[in-house]
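This is the structure I have questions about; it appears just below.
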Amino acid sequence: DLSLEYYFEPAGMLTAGVFLKEITDFIFTDNSKYIAAGADNGYDGEYVGYNLRTSANGGFAKVKGLELAYQQQFTFLPGWLRSFGVFANYTRLETKGNYGAATVSTTGQVAGFTPETGNLGISYIRNGMSLRVQFNHKGKTLNGFNVNPAAQTWIMARSVVDIKTVFPIRRNLNFYLDVNNILNEAERATVRGNAGRPILHQHQTQQFLFGLNGRF
């Protein structure tokens with residue numbers, strides 16, 4: 001790992017980092033096996049043609065990564081603008097590995113590694129009131145490996161936007177209102193193969209959370 005950090009006055013930071021990790025015998029999901037016909041198929045002749053999903057240790061993976069992050073409060077700006085702040089971070093991975101076989105897979109073909117993730121947020125904080133808008137993105141991720149690309153399972157990319165607010169009522173009492181997933185994105189959509197045949201669709205609609213926070 002190697003990272004560099006630069007600090008802004010009076011409040012802020014910019015960081016950049018790179019890393020290289022080599023992993024052996026990691027755990028992965030294998031859905032490449034199908035139960036064969038015959039009395040000795042391991043299931044007393046039952047479940048012929050069923051897809052067998054299991055977890056296994058094996059293979060190796062080499063992961064190269066880049067991480068960038070920035071955050072700052074704009075206290076140097078005049079008037080009400082000094083109450084704004086921003087943060088952002090981004091991670092990108094390049095992977096290479098196999099599952100105990102001779103074929104070596106590259107970026108996007110090693111299960112469990114998300115090629116890119118990112119966050120972006122803007123805040124406004126003044127006189128006890130705060131407003132935060134937060135954006136989160138996760139790239140398309142291989143979930144279940146199979147030597148046949150049409151049988152691989154993928155978790156699709158998704159982007160979520162949340163809003164979080166706090167309003168002071170009294171010195172020791174605040175009202176908060178949070179709105180999660182305002183774009184109404186699917187929390188998790190899993191598909192099979194390049195054709196994108198749906199397997200699982202988890203969808204949590206917008207959430208509105210509100211209440212009072214008190215300090216005594």
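What FRET efficiency comes out for Q207 versus N148 if R0 is 41 angstrom and r is the Cβ-Cβ distance? Round to the nearest 0.05. Let's see the in-between values first.
Details: r = 39 Å, r/R0 = 0.94.
Between Q207 and N148 the formula returns 0.60.
Also, I was wondering about something else. Which of the lysines could be linked to K21 by a straight reach, that is with a Cα gap under 16 Å, when you skip same-chain ones fewer than 8 residues away?
K62, K64, K96
With a sphere of radius 15 Å drawn around the Cβ of Y43, what net charge do the other residues whose Cβ falls strictly inside it have (Lys, Arg +1; Asp, Glu -1)? Walk me through the intermediate numbers first.
Numbers: positive: K33, R53; negative: D40, D44, E46.
Local charge sum for Y43: -1.
What's the local net charge at Q206, with K and R +1, D and E -1, over the other residues with C-beta under 13 Å away? Provide the component values of the computation, followed by the final result.
Numbers: positive: none; negative: D162, D178, E185, E187.
Taking every Cβ under 13 Å from that of Q206, the sum is -4.
In nm², what is the average projected area of the convex hull enclosing the Cα atoms of segment 75-207? Let's see the in-between values first.
Working: hull surface 45.2 nm².
Hull-based average projected area comes out at 11.3 nm².
So which residue, out of R192, R126, R171, gets the largest mean-square fluctuation from a GNM of the chain using Cα contacts under 10 Å as springs?
R171
With 11 Å as the cut-off, how large is the P(r) tail for segment 24-63, expressed as percent of Cα-Cα pairs? Don't jump to the answer; show the numbers that get you there.
Values: 519 of 780 pairs.
Within segment 24-63, distances greater than 11 Å cover 67 percent of Cα pairs.
Extending each Cα 7 Å along its Cβ direction at A16 and A186, get the distance between those two points in nm, one decimal.
3.7 nm
Any idea what the relative contact order of segment 25-91 is, in percent, if you count C-alpha pairs under 8 Å spaced at least 6 apart?
Values: 95 pairs, mean separation 18.6, N = 67.
It rounds to 28 percent for segment 25-91.
Something else: Once Rh is set to the Kirkwood radius over Cα pairs, what Stokes-Einstein translational diffusion coefficient, in µm²/s, holds for segment 1-138 at a temperature of 20 °C and a viscosity of 1.002 mPa s?
Values: Rh = 19.1 Å.
In µm²/s, the coefficient is 112.
Compute the distance in nm between two label points, each set 7 Å from the Cα along the Cα-to-Cβ direction, one at A39 and one at L81.
So the label points at A39 and L81 sit 8.5 nm apart.
Just so you know, all these numbers are worked out from the coordinates, no wet-lab data involved. Treat the numbers as computed from the prediction; the structure is a model and nothing was measured. Counting neighbours? That spans all protein chains shown, and the Cβs are built from the backbone with ideal geometry, glycine included.
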